[in-house]
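*Asks:* Following this message is one structure expressed as C-alpha coordinates.
The values are calculated or read from the model by the stated rules, or taken from the named source; none is laboratory data. This one's a predicted model, so the numbers in the text were calculated from it and none came from an experiment. All Cβ positions, even for glycine, are placed from backbone atoms using ideal geometry, and neighbour counts span all protein chains on display. What goes into the accessible areas is simple: the full protein's heavy atoms, side chains included, and nothing from ligands, DNA or RNA. Shrake-Rupley method; radii C 1.70, N 1.55, O 1.52, S 1.80 Å.
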Amino acid sequence: MTTRQDCLDRDASDPLAALRHAFDLPEGVIYLDGNSLGARPKAAAQRAAQLVSEEWGRDLIKSWNTAGWYTLPARLGDKLAPLVGAAPGEIVITDTTSVNLFKALAACLQMQAASGRKRIVSERANFPTDLYMAEGLAGWLGQGHELVLVDTPEQVLDAVDADTAVLMLTHVNYRTGYQHDMAALTRAAQSRGALVIWDLAHSAGAVPVDLHAAGADMAVGCTYKYLNGGPGAPGYLWVPQRHQAAFRQPLSGWWSHANPFAMDSRFAPVDGIRRALCGTVPVLSLALVECGLDVFARTDMTAIRAKSLALSDLFIELVETRLAAYPLSLVTPRAHAQRGSQVCLAHPHAYALIQALIGRGVIGDYREPGIMRFGFTPLYTRYSDVWDAVDILHTLLDQQDYDIHAHRHAVT
Ligand SMILES: *Cc1c(COP(=O)(O)O)cnc(C)c1O
(Lines give C-alpha, C1' and ligand atoms only; values in the text may rest on other atoms or scores of the structure.)
Protein backbone atom coordinates (compact mmCIF):
# COMPACT_ATOMS: atom_id res chain seq x y z
CA MET A 1 0.00 0.00 0.00
CA THR A 2 1.21 3.49 -0.87
CA THR A 3 2.57 5.47 2.09
CA ARG A 4 3.00 9.20 2.58
CA GLN A 5 6.76 8.68 2.22
CA ASP A 6 6.17 7.06 -1.19
CA CYS A 7 4.30 10.20 -2.20
CA LEU A 8 7.12 12.45 -1.00
CA ASP A 9 9.56 10.32 -3.00
CA ARG A 10 7.41 10.71 -6.11
CA ASP A 11 7.36 14.48 -5.57
CA ALA A 12 11.16 14.49 -5.33
CA SER A 13 11.51 12.75 -8.70
CA ASP A 14 8.61 14.54 -10.44
CA PRO A 15 9.86 16.12 -13.69
CA LEU A 16 7.14 18.81 -13.40
CA ALA A 17 7.89 19.69 -9.76
CA ALA A 18 9.65 22.96 -10.59
CA LEU A 19 6.57 24.36 -12.33
CA ARG A 20 4.78 24.63 -8.98
CA HIS A 21 7.09 27.56 -8.24
CA ALA A 22 5.48 29.46 -11.11
CA PHE A 23 2.31 29.72 -9.00
CA ASP A 24 1.41 31.57 -5.86
CA LEU A 25 -0.46 29.14 -3.65
CA PRO A 26 -1.47 30.10 -0.13
CA GLU A 27 0.33 28.33 2.70
CA GLY A 28 -1.58 25.40 4.18
CA VAL A 29 -3.99 25.01 1.26
CA ILE A 30 -4.31 21.90 -0.89
CA TYR A 31 -5.91 23.23 -4.03
CA LEU A 32 -7.92 20.62 -5.92
CA ASP A 33 -10.18 23.04 -7.76
CA GLY A 34 -8.00 24.13 -10.67
CA ASN A 35 -10.71 22.62 -12.88
CA SER A 36 -12.98 25.48 -11.81
CA LEU A 37 -10.60 28.39 -11.20
CA GLY A 38 -6.91 27.82 -11.90
CA ALA A 39 -4.33 29.08 -9.41
CA ARG A 40 -2.58 32.39 -9.98
CA PRO A 41 0.68 32.37 -11.91
CA LYS A 42 3.18 34.51 -10.00
CA ALA A 43 3.83 36.46 -13.19
CA ALA A 44 0.20 37.63 -13.30
CA ALA A 45 0.66 40.13 -10.45
CA GLN A 46 3.56 41.84 -12.18
CA ARG A 47 1.86 41.76 -15.56
CA ALA A 48 -1.30 43.30 -14.10
CA ALA A 49 0.71 46.06 -12.39
CA GLN A 50 2.60 46.83 -15.61
CA LEU A 51 -0.61 46.88 -17.61
CA VAL A 52 -2.41 49.18 -15.24
CA SER A 53 0.41 51.59 -14.45
CA GLU A 54 2.42 51.71 -17.67
CA GLU A 55 0.27 50.60 -20.58
CA TRP A 56 -2.95 52.15 -19.36
CA GLY A 57 -1.75 54.79 -16.89
CA ARG A 58 1.21 56.21 -18.76
CA ASP A 59 0.71 55.34 -22.43
CA LEU A 60 -3.06 55.63 -22.45
CA ILE A 61 -4.76 55.04 -25.79
CA LYS A 62 -1.44 54.66 -27.62
CA SER A 63 -1.22 51.18 -26.07
CA TRP A 64 -3.77 49.76 -28.51
CA ASN A 65 -0.92 49.99 -31.02
CA THR A 66 2.28 50.23 -28.96
CA ALA A 67 1.49 47.51 -26.39
CA GLY A 68 -0.19 45.20 -28.87
CA TRP A 69 -3.62 45.33 -27.26
CA TYR A 70 -5.32 45.24 -30.64
CA THR A 71 -3.69 41.99 -31.74
CA LEU A 72 -3.95 40.29 -28.35
CA PRO A 73 -6.93 37.95 -29.08
CA ALA A 74 -5.24 36.19 -32.00
CA ARG A 75 -1.67 36.43 -30.70
CA LEU A 76 -2.65 34.63 -27.48
CA GLY A 77 -4.82 32.27 -29.54
CA ASP A 78 -1.63 31.23 -31.33
CA LYS A 79 0.00 30.52 -27.95
CA LEU A 80 -2.92 28.33 -26.98
CA ALA A 81 -2.97 26.52 -30.34
CA PRO A 82 -0.29 23.87 -29.60
CA LEU A 83 -2.18 22.72 -26.50
CA VAL A 84 -5.24 21.77 -28.55
CA GLY A 85 -3.77 20.74 -31.90
CA ALA A 86 -4.76 23.95 -33.71
CA ALA A 87 -2.71 25.82 -36.30
CA PRO A 88 -1.64 29.47 -36.02
CA GLY A 89 -4.35 31.89 -37.09
CA GLU A 90 -7.21 29.63 -36.01
CA ILE A 91 -8.04 30.72 -32.43
CA VAL A 92 -9.16 33.98 -30.88
CA ILE A 93 -9.39 34.44 -27.12
CA THR A 94 -12.41 36.64 -26.52
CA ASP A 95 -15.89 36.77 -24.99
CA THR A 96 -17.25 33.98 -22.80
CA THR A 97 -17.44 30.31 -23.64
CA SER A 98 -21.22 30.64 -23.78
CA VAL A 99 -21.06 33.48 -26.31
CA ASN A 100 -18.39 31.74 -28.39
CA LEU A 101 -20.53 28.62 -28.51
CA PHE A 102 -23.43 30.71 -29.75
CA LYS A 103 -21.26 32.05 -32.57
CA ALA A 104 -19.95 28.60 -33.51
CA LEU A 105 -23.42 27.05 -33.43
CA ALA A 106 -24.94 29.85 -35.49
CA ALA A 107 -22.16 29.57 -38.07
CA CYS A 108 -22.53 25.79 -38.29
CA LEU A 109 -26.32 25.97 -38.62
CA GLN A 110 -25.90 28.44 -41.45
CA MET A 111 -23.32 26.22 -43.14
CA GLN A 112 -25.94 23.46 -42.96
CA ALA A 113 -28.82 25.62 -44.24
CA ALA A 114 -28.71 24.20 -47.78
CA SER A 115 -28.80 20.62 -46.42
CA GLY A 116 -32.10 21.27 -44.64
CA ARG A 117 -30.70 19.75 -41.45
CA LYS A 118 -32.06 21.50 -38.35
CA ARG A 119 -31.18 19.41 -35.34
CA ILE A 120 -28.46 19.99 -32.76
CA VAL A 121 -27.58 16.79 -30.91
CA SER A 122 -26.03 16.92 -27.44
CA GLU A 123 -26.07 15.18 -24.08
CA ARG A 124 -28.47 15.94 -21.25
CA ALA A 125 -25.42 15.73 -18.97
CA ASN A 126 -23.60 18.48 -20.87
CA PHE A 127 -22.73 21.65 -18.96
CA PRO A 128 -26.06 23.50 -18.74
CA THR A 129 -24.93 26.75 -20.35
CA ASP A 130 -24.08 24.83 -23.54
CA LEU A 131 -27.61 23.45 -23.63
CA TYR A 132 -29.16 26.81 -22.77
CA MET A 133 -27.26 28.55 -25.56
CA ALA A 134 -28.27 25.91 -28.10
CA GLU A 135 -31.88 26.01 -26.98
CA GLY A 136 -31.87 29.80 -27.03
CA LEU A 137 -30.43 29.98 -30.53
CA ALA A 138 -32.72 27.27 -31.92
CA GLY A 139 -35.82 28.95 -30.50
CA TRP A 140 -34.77 32.43 -31.54
CA LEU A 141 -34.14 31.37 -35.14
CA GLY A 142 -37.79 30.30 -35.31
CA GLN A 143 -37.16 28.05 -38.30
CA GLY A 144 -37.84 24.67 -36.76
CA HIS A 145 -34.37 24.11 -35.32
CA GLU A 146 -34.33 21.90 -32.25
CA LEU A 147 -32.04 20.54 -29.61
CA VAL A 148 -32.08 16.75 -29.22
CA LEU A 149 -30.58 15.31 -26.03
CA VAL A 150 -29.36 11.82 -25.26
CA ASP A 151 -28.84 10.28 -21.84
CA THR A 152 -25.59 8.32 -22.19
CA PRO A 153 -22.37 8.68 -24.20
CA GLU A 154 -23.22 5.39 -25.94
CA GLN A 155 -26.45 6.89 -27.34
CA VAL A 156 -24.76 9.87 -28.99
CA LEU A 157 -24.14 8.36 -32.41
CA ASP A 158 -27.55 6.74 -32.64
CA ALA A 159 -29.06 10.21 -32.40
CA VAL A 160 -26.98 11.60 -35.27
CA ASP A 161 -29.07 11.10 -38.38
CA ALA A 162 -30.07 12.72 -41.68
CA ASP A 163 -31.72 15.61 -39.78
CA THR A 164 -28.67 16.41 -37.67
CA ALA A 165 -26.95 19.68 -38.48
CA VAL A 166 -24.53 19.76 -35.56
CA LEU A 167 -23.21 17.38 -32.95
CA MET A 168 -22.26 19.57 -30.00
CA LEU A 169 -20.36 17.84 -27.21
CA THR A 170 -18.16 18.71 -24.28
CA HIS A 171 -15.01 16.61 -24.52
CA VAL A 172 -14.60 16.03 -20.76
CA ASN A 173 -17.78 16.12 -18.69
CA TYR A 174 -17.71 18.73 -15.93
CA ARG A 175 -19.54 16.57 -13.41
CA THR A 176 -18.25 13.05 -13.97
CA GLY A 177 -14.85 13.60 -15.57
CA TYR A 178 -15.89 11.28 -18.43
CA GLN A 179 -13.82 11.85 -21.58
CA HIS A 180 -15.25 11.22 -25.03
CA ASP A 181 -13.25 9.72 -27.90
CA MET A 182 -13.06 12.94 -29.89
CA ALA A 183 -11.60 11.48 -33.09
CA ALA A 184 -13.97 8.52 -33.31
CA LEU A 185 -17.13 10.52 -32.60
CA THR A 186 -16.11 13.31 -34.96
CA ARG A 187 -15.44 10.94 -37.83
CA ALA A 188 -18.63 8.94 -37.30
CA ALA A 189 -20.85 12.03 -37.00
CA GLN A 190 -19.29 13.66 -40.07
CA SER A 191 -19.81 10.48 -42.09
CA ARG A 192 -23.52 11.00 -41.39
CA GLY A 193 -23.34 14.56 -42.64
CA ALA A 194 -23.16 16.45 -39.32
CA LEU A 195 -20.72 19.17 -38.31
CA VAL A 196 -19.07 18.65 -34.92
CA ILE A 197 -18.41 21.32 -32.28
CA TRP A 198 -16.33 20.45 -29.21
CA ASP A 199 -16.32 22.31 -25.91
CA LEU A 200 -12.84 22.01 -24.43
CA ALA A 201 -13.56 23.75 -21.10
CA HIS A 202 -12.32 20.76 -19.10
CA SER A 203 -9.80 19.55 -21.68
CA ALA A 204 -7.44 22.31 -22.74
CA GLY A 205 -4.41 22.13 -20.46
CA ALA A 206 -5.86 19.07 -18.75
CA VAL A 207 -5.70 16.29 -21.36
CA PRO A 208 -4.03 16.08 -24.78
CA VAL A 209 -6.31 17.44 -27.49
CA ASP A 210 -5.62 17.30 -31.23
CA LEU A 211 -8.40 19.11 -33.04
CA HIS A 212 -6.82 18.71 -36.47
CA ALA A 213 -6.05 15.02 -36.03
CA ALA A 214 -9.68 14.53 -34.96
CA GLY A 215 -10.89 16.56 -37.95
CA ALA A 216 -13.19 18.62 -35.71
CA ASP A 217 -15.22 21.44 -37.24
CA MET A 218 -15.18 24.07 -34.47
CA ALA A 219 -14.30 24.30 -30.80
CA VAL A 220 -14.72 26.58 -27.81
CA GLY A 221 -13.43 26.62 -24.26
CA CYS A 222 -12.44 28.49 -21.11
CA THR A 223 -9.13 29.97 -20.02
CA TYR A 224 -9.93 30.39 -16.32
CA LYS A 225 -9.95 26.68 -15.50
CA TYR A 226 -6.91 24.50 -16.23
CA LEU A 227 -5.25 27.29 -18.25
CA ASN A 228 -4.96 29.54 -15.17
CA GLY A 229 -6.07 32.72 -16.92
CA GLY A 230 -7.76 34.30 -13.90
CA PRO A 231 -11.36 34.76 -12.70
CA GLY A 232 -13.68 35.58 -15.58
CA ALA A 233 -10.86 35.50 -18.14
CA PRO A 234 -12.25 35.34 -21.68
CA GLY A 235 -12.95 32.07 -23.47
CA TYR A 236 -11.82 31.08 -26.94
CA LEU A 237 -13.15 30.03 -30.30
CA TRP A 238 -11.36 27.79 -32.80
CA VAL A 239 -12.33 27.91 -36.45
CA PRO A 240 -10.02 25.84 -38.67
CA GLN A 241 -8.66 27.43 -41.81
CA ARG A 242 -10.87 25.24 -43.99
CA HIS A 243 -14.06 26.73 -42.50
CA GLN A 244 -13.00 30.35 -42.13
CA ALA A 245 -14.33 31.57 -45.46
CA ALA A 246 -17.76 30.05 -44.74
CA PHE A 247 -17.77 31.14 -41.11
CA ARG A 248 -20.41 33.85 -40.65
CA GLN A 249 -21.65 34.65 -37.16
CA PRO A 250 -24.53 36.88 -36.17
CA LEU A 251 -22.58 38.83 -33.51
CA SER A 252 -20.92 40.75 -36.32
CA GLY A 253 -19.50 43.62 -34.32
CA TRP A 254 -16.89 46.05 -35.51
CA TRP A 255 -13.96 43.92 -34.34
CA SER A 256 -14.91 41.32 -36.94
CA HIS A 257 -15.10 43.94 -39.70
CA ALA A 258 -12.56 43.95 -42.54
CA ASN A 259 -11.60 47.52 -41.67
CA PRO A 260 -13.03 48.62 -38.31
CA PHE A 261 -11.56 52.11 -38.44
CA ALA A 262 -12.99 52.81 -41.86
CA MET A 263 -16.20 53.31 -39.86
CA ASP A 264 -18.17 51.97 -42.79
CA SER A 265 -21.93 51.88 -42.27
CA ARG A 266 -22.11 48.45 -43.89
CA PHE A 267 -20.66 45.26 -42.46
CA ALA A 268 -18.03 43.25 -44.31
CA PRO A 269 -16.26 40.46 -42.42
CA VAL A 270 -12.48 40.43 -42.21
CA ASP A 271 -10.67 37.41 -43.67
CA GLY A 272 -9.22 35.03 -41.13
CA ILE A 273 -9.90 34.25 -37.51
CA ARG A 274 -10.62 37.84 -36.43
CA ARG A 275 -14.08 37.43 -37.96
CA ALA A 276 -14.87 35.37 -34.86
CA LEU A 277 -14.50 38.51 -32.69
CA CYS A 278 -17.40 40.77 -31.80
CA GLY A 279 -16.50 43.98 -29.95
CA THR A 280 -13.71 45.42 -27.81
CA VAL A 281 -11.93 42.76 -25.80
CA PRO A 282 -11.40 42.91 -21.99
CA VAL A 283 -7.71 43.80 -22.22
CA LEU A 284 -6.97 43.69 -18.47
CA SER A 285 -8.27 40.17 -18.16
CA LEU A 286 -7.18 38.90 -21.56
CA ALA A 287 -3.57 39.99 -21.10
CA LEU A 288 -3.23 37.88 -17.95
CA VAL A 289 -4.16 34.74 -19.88
CA GLU A 290 -0.65 34.89 -21.32
CA CYS A 291 0.90 34.26 -17.89
CA GLY A 292 -0.88 30.91 -17.62
CA LEU A 293 -0.04 29.93 -21.20
CA ASP A 294 3.64 30.76 -20.61
CA VAL A 295 3.82 28.09 -17.91
CA PHE A 296 2.48 25.47 -20.35
CA ALA A 297 5.17 26.52 -22.83
CA ARG A 298 7.74 25.10 -20.38
CA THR A 299 6.38 21.54 -20.68
CA ASP A 300 4.08 19.55 -22.95
CA MET A 301 0.75 17.79 -22.76
CA THR A 302 2.35 14.31 -22.78
CA ALA A 303 4.17 15.03 -19.53
CA ILE A 304 1.09 16.74 -18.08
CA ARG A 305 -1.15 13.81 -18.98
CA ALA A 306 1.26 11.26 -17.49
CA LYS A 307 1.27 13.11 -14.15
CA SER A 308 -2.46 13.80 -14.27
CA LEU A 309 -3.23 10.10 -14.58
CA ALA A 310 -0.69 9.24 -11.89
CA LEU A 311 -2.32 11.75 -9.51
CA SER A 312 -5.87 10.63 -10.21
CA ASP A 313 -4.89 6.93 -10.02
CA LEU A 314 -3.24 7.61 -6.67
CA PHE A 315 -6.33 9.42 -5.38
CA ILE A 316 -8.62 6.57 -6.46
CA GLU A 317 -6.28 3.98 -4.91
CA LEU A 318 -6.09 5.82 -1.59
CA VAL A 319 -9.85 6.41 -1.44
CA GLU A 320 -10.58 2.78 -2.20
CA THR A 321 -8.04 1.37 0.25
CA ARG A 322 -8.22 3.85 3.12
CA LEU A 323 -11.87 4.92 2.90
CA ALA A 324 -13.47 1.60 1.94
CA ALA A 325 -15.62 1.65 5.08
CA TYR A 326 -17.55 4.77 4.02
CA PRO A 327 -20.41 5.16 1.51
CA LEU A 328 -18.31 6.81 -1.20
CA SER A 329 -18.71 5.79 -4.81
CA LEU A 330 -16.48 6.58 -7.74
CA VAL A 331 -18.33 8.55 -10.44
CA THR A 332 -15.33 9.03 -12.75
CA PRO A 333 -14.44 6.27 -15.22
CA ARG A 334 -11.56 4.03 -14.20
CA ALA A 335 -10.35 3.56 -17.80
CA HIS A 336 -7.63 6.09 -18.56
CA ALA A 337 -8.93 6.78 -22.06
CA GLN A 338 -12.28 7.84 -20.59
CA ARG A 339 -10.92 9.98 -17.76
CA GLY A 340 -10.22 13.70 -17.74
CA SER A 341 -8.11 15.31 -15.01
CA GLN A 342 -10.64 15.20 -12.20
CA VAL A 343 -12.06 12.54 -9.92
CA CYS A 344 -15.59 12.73 -8.60
CA LEU A 345 -17.00 10.90 -5.63
CA ALA A 346 -20.62 10.59 -4.67
CA HIS A 347 -21.58 10.60 -0.97
CA PRO A 348 -24.96 11.13 0.73
CA HIS A 349 -23.52 14.20 2.49
CA ALA A 350 -21.27 15.39 -0.32
CA TYR A 351 -21.96 19.11 0.16
CA ALA A 352 -21.35 18.97 3.91
CA LEU A 353 -18.13 17.03 3.37
CA ILE A 354 -16.81 19.48 0.78
CA GLN A 355 -17.50 22.38 3.14
CA ALA A 356 -15.72 20.53 5.96
CA LEU A 357 -12.76 19.80 3.67
CA ILE A 358 -12.56 23.45 2.66
CA GLY A 359 -12.57 24.31 6.37
CA ARG A 360 -9.47 22.12 6.74
CA GLY A 361 -7.71 23.72 3.77
CA VAL A 362 -8.54 21.09 1.13
CA ILE A 363 -10.34 22.92 -1.63
CA GLY A 364 -12.52 20.88 -3.94
CA ASP A 365 -16.06 21.68 -4.99
CA TYR A 366 -19.57 20.32 -5.13
CA ARG A 367 -21.84 19.63 -8.07
CA GLU A 368 -25.41 18.48 -8.01
CA PRO A 369 -26.51 15.81 -7.33
CA GLY A 370 -24.38 14.72 -4.39
CA ILE A 371 -20.97 14.86 -6.07
CA MET A 372 -17.63 15.96 -4.63
CA ARG A 373 -15.29 17.06 -7.37
CA PHE A 374 -11.50 17.01 -7.12
CA GLY A 375 -9.42 18.47 -9.93
CA PHE A 376 -5.80 17.41 -10.41
CA THR A 377 -3.62 20.05 -11.98
CA PRO A 378 -0.19 18.58 -12.73
CA LEU A 379 1.48 22.01 -12.91
CA TYR A 380 1.08 22.55 -9.18
CA THR A 381 -0.50 19.52 -7.45
CA ARG A 382 1.91 17.25 -5.58
CA TYR A 383 1.55 13.54 -4.85
CA SER A 384 1.83 14.39 -1.15
CA ASP A 385 -1.10 16.81 -1.57
CA VAL A 386 -3.20 13.88 -2.77
CA TRP A 387 -2.13 11.83 0.24
CA ASP A 388 -2.87 14.66 2.66
CA ALA A 389 -6.27 15.39 1.09
CA VAL A 390 -7.37 11.76 1.49
CA ASP A 391 -5.97 11.70 5.00
CA ILE A 392 -8.01 14.76 5.99
CA LEU A 393 -11.11 13.31 4.32
CA HIS A 394 -10.52 10.14 6.33
CA THR A 395 -10.42 12.11 9.58
CA LEU A 396 -13.63 13.98 8.75
CA LEU A 397 -15.47 10.77 7.87
CA ASP A 398 -14.09 8.91 10.86
CA GLN A 399 -15.09 11.62 13.33
CA GLN A 400 -18.26 12.52 11.38
CA ASP A 401 -16.88 16.02 11.57
CA TYR A 402 -19.13 17.68 9.00
CA ASP A 403 -22.33 19.67 9.28
CA ILE A 404 -25.12 18.08 7.27
CA HIS A 405 -27.06 21.34 7.57
CA ALA A 406 -24.17 23.35 6.14
CA HIS A 407 -25.31 26.63 4.58
CA ARG A 408 -25.50 26.36 0.80
CA HIS A 409 -23.42 29.12 -0.82
CA ALA A 410 -24.44 30.70 -4.14
CA VAL A 411 -21.36 29.20 -5.80
CA THR A 412 -20.87 25.60 -4.70
C1 LIG B 1 -17.08 26.11 -17.32
C2 LIG B 1 -17.82 25.78 -18.53
C3 LIG B 1 -18.49 26.77 -19.26
C4 LIG B 1 -18.50 28.19 -18.76
O5 LIG B 1 -19.04 29.07 -19.67
P6 LIG B 1 -18.89 30.65 -19.44
O7 LIG B 1 -19.65 31.23 -20.54
O8 LIG B 1 -17.42 30.94 -19.49
O9 LIG B 1 -19.43 30.98 -18.10
C10 LIG B 1 -19.14 26.41 -20.43
N11 LIG B 1 -19.15 25.13 -20.85
C12 LIG B 1 -18.52 24.15 -20.15
C13 LIG B 1 -18.56 22.76 -20.67
C14 LIG B 1 -17.86 24.45 -18.98
O15 LIG B 1 -17.27 23.49 -18.28
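*Asks:* Summarise the accessible area of the chain (1.4 Å probe, protein heavy atoms) by the percent that is carbon and sulfur.
*Replies:* The nonpolar share, carbon plus sulfur, comes to 55 percent.
*Asks:* Follow-up question, since we're still on this one. With every protein chain present, what accessible area does Glu154 have (1.4 Å probe, heavy atoms only), rounded to the nearest 10 Å²?
*Replies:* The value for Glu154 is about 130 Å².
*Asks:* Run the simple label-point estimate for Gln400 and Ala17 please: 7 Å along Cα→C-beta, distance reported in nm.
*Replies:* Rounded to a tenth, the inter-label distance reads 4.2 nm.
*Asks:* Going by amide H atoms built from the backbone, whose H comes under 5 Å of the H on Gly221, apart from near neighbours?
*Replies:* Leu200, Tyr236
*Asks:* I'm a student and want to see the number: the projected area of the Cα convex hull of the range 237-320, averaged over all directions, in nm².
*Replies:* With the hull built on Cα positions only, its mean projection is 9.2 nm².
*Asks:* A further question on this structure: Please sort by residue number the trypsin sites (Lys or Arg not before Pro) in the range 112-174 whose DSSP state is loop and whose Cβ has at most 16 other Cβ atoms within 10 Å.
*Replies:* Within the range 112-174, the qualifying trypsin sites (Lys or Arg not before Pro) (loop, at most 16 other Cβ atoms within 10 Å) are Arg124.
*Asks:* Mind checking the per residue accessible area of the range 15-152 for me, 1.4 Å probe, whole number of Å²?
*Replies:* Averaged over the residues of the range 15-152, the accessible area is 47 Å².
*Asks:* Which one of Ala206, Val281, Ala325 has its Cα pushed farthest toward the positive end of the charge dipole of the chain, where Lys and Arg give +1 and Asp and Glu give -1 at the Cβ?
*Replies:* Of the candidates, Val281 comes out farthest on the positive side.
*Asks:* Now for a different question. Rounded to whole Hz and in sequence order, give me ³J(HN,Hα) for the range 171-186 from the Karplus expression 6.51 cos²θ - 1.76 cosθ + 1.60, θ = phi - 60°, writing x for Gly and Pro.
*Replies:* 4, 10, 5, 5, 9, 9, x, 5, 10, 6, 7, 4, 5, 5, 5, 4
*Asks:* Can you send over the solvent-accessible area of Phe261, 1.4 Å probe, protein chains only, in Å² to the nearest 10?
*Replies:* Approximately 140 Å² for this residue.
*Asks:* About the Cα centre of the chain, what is the dipole size in debye to 20, counting +1 per Lys and Arg Cβ and -1 per Asp and Glu Cβ, all else neutral?
*Replies:* 920 debye
*Asks:* Sorted by accessible area (1.4 Å probe), largest first, how do Val319, Val29 line up?
*Replies:* The ordering from most to least exposed comes out as Val29, Val319.
*Asks:* Taking only protein heavy atoms and a 1.4 Å probe, what accessible area per residue, in Å², does the range 320-386 have with all protein chains in place?
*Replies:* Accessible area per residue, the range 320-386: 33 Å².
*Asks:* Something else now. What does the helix-only formula give at 222 nm for the chain: each DSSP H stretch with n ≥ 4 adding -39500 (n - 2.57), the total divided by the residues, and the result rounded to the nearest 500 deg cm²/dmol?
*Replies:* -10500 deg cm²/dmol
*Asks:* In degrees between 0 and 90, to the nearest 10, how far off the longest principal axis of the chain does helix 128-141 point, with axes built from Cα atoms?
*Replies:* 20 degrees
*Asks:* I would also like to ask the following. How much solvent-accessible surface does Ser265 expose, in Å² to the nearest 10, with a 1.4 Å probe and all protein chains in place?
*Replies:* Here the residue's solvent-accessible area equals roughly 120 Å².
*Asks:* Check which residues have an amide H placed less than 5 Å from Val150's amide H, if you skip close sequence neighbours.
*Replies:* Those qualifying (amide H under 5 Å, at least 5 residues apart or on another chain) are Ser122, Glu123, Arg124.
*Asks:* So how many Lys-Lys pairs in the chain land under 25 Å Cα to Cα, not counting same-chain pairs under 8 apart?
*Replies:* Value for the chain: 10.
*Asks:* Here is a further query. Under a 1.4 angstrom probe, counting protein chains only, how are Trp387, Trp56 ranked by accessible area, largest first?
*Replies:* Trp56, Trp387
*Asks:* Okay, moving on. Please work out the average accessible area per residue across the range 170-239, using the 1.4 Å probe convention, and give it in Å².
*Replies:* Accessible area per residue, the range 170-239: 23 Å².
*Asks:* Next question. With θ set to phi - 60°, apply the Karplus curve 6.51 cos²θ - 1.76 cosθ + 1.60 along the range 372-386 and write out the HN-Hα couplings as whole Hz, x wherever there is a Gly or Pro.
*Replies:* 8, 10, 10, x, 10, 10, x, 5, 9, 8, 9, 4, 5, 4, 5
*Asks:* Just grab the label-to-label distance for Asp59 and Glu154, each label 7 Å out from Cα along the Cβ direction, in nm (one decimal).
*Replies:* For Asp59 paired with Glu154, the spin-label model returns 5.8 nm.
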